[in-house]
């Protein structure tokens, strides 16, 4: 079973039902729900997603959404090693570095994101949800 690491923007595409991107995110998470693939996010993604969704929805609703979402993904911890690698990396964006090194340290095979350019230093294959779904079929 493929182990895919999911960037925050893909999570928000699903949970915020972003028009242009929702369908591919929904298919991806459906594959996980049907145990065809394993998806993981960082604990940072959970915090960022809560923060962003709470700007549009009430706190209780956001927590309800995240409780259900938690069933679809493995939540990977950040640790001192990930922070150290991120601080000393070539990534321009610290949050992207944390995402990358979380995936790397936990040995995930592919990073799924909409911002491919943000992961130009990645040694792990990086693709969009649409690109992965084409490969999956």
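The conditions are (1) within 19 Å of residue 77 (Cα to Cα); (2) under 13 Å from the mean Cα position of the chain (by Cα); (3) without any contact (Cβ under 8 Å) to a residue 60 or more places away in the chain, and residue 127 fails exactly one of them. Which is it? Only one criterion in (1) within 19 Å of residue 77 (Cα to Cα); (2) under 13 Å from the mean Cα position of the chain (by Cα); (3) without any contact (Cβ under 8 Å) to a residue 60 or more places away in the chain is unmet by residue 127, namely (1). Condition check: touching a strand residue (DSSP E or B) at 6+ places or on another chain (Cβ under 8 Å) and under 19 Å from residue 14 (Cβ atoms). Does residue 57 satisfy that? In short, no.
No lab work stands behind these numbers, since they all come straight from the coordinates. No experiment lies behind these values; they were computed from the predicted model shown. Cβ: placed from backbone, ideal geometry, glycine included. Neighbour counts: every protein chain shown.
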